[in-house]
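Inspection log for the structure reproduced underneath, given as structure tokens.
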Amino acid sequence: MTETSSDDGRILRRETERVVNEIAQGRRTLDAGVGWFSGLAPTRRPEVLREVAGYAMQAHITAADGRAGVARSGVKPTANSSVMICMDPPRYAFAGLPAAEHVKAFRVLVSVFAVADTRRRETYCKGACGHAWHNLPPVTEHS
């Protein structure tokens, strides 16, 4: 059995935070984020899903955010992850879904987070935000 070091976990959490916030702020496409997620070892994907579910909880998603996020995600509204996020209150046990559903769950979670986080950046944090994740550095072009 392979153990994951705490440094590896911190690195993955930081990378997850960066990728998810880049998607939420339009600095990375959802498809590029899904490519990143799909490139992770299958054993790491539940960890990322738990992390992103935490971001969604912290963004205080609403039922409207859930519906709008599902529409943006490209995932059918009847998929497990779509139904879970639109429940009142939302269910966040995405990491417990079968591995075959993890990519759909990532798409839904990130899309719903993007909707809720955008709403919060435009209201609660507008003009006076000290959240580092809302103040990402400008994207630089890579040749």
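Throughout, read-outs are computed from the coordinates displayed, never taken from laboratory work. Predicted model, so just to flag it, every value in this text is computed and none were measured. All Cβ positions, glycine included, derive from the backbone under ideal geometry; neighbour counts span all protein chains shown.
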Linear extension gain, Ser38 paired with Thr62, 0.36 nm per residue minus alpha-carbon span: 5.9 nm
Rounded if a/c under 1.5, otherwise prolate or oblate - the stretch 1-85, Cα gyration tensor axes: prolate
Karplus-derived HN-Hα couplings along the stretch 51-62 (A = 6.51, B = -1.76, C = 1.60, θ = phi - 60°), whole Hz, x at Gly and Pro: 5, 5, 4, x, 4, 4, 4, 5, 7, 6, 4, 10
Largest to smallest principal axis extent of the C-alpha atoms in the stretch 43-110, angstrom: 32, 25, 17
Spin-label proximity, Asp88 to the stretch 30-64 - amide N less than 15 Å from point 7 Å beyond Cα toward beta carbon: 61-64
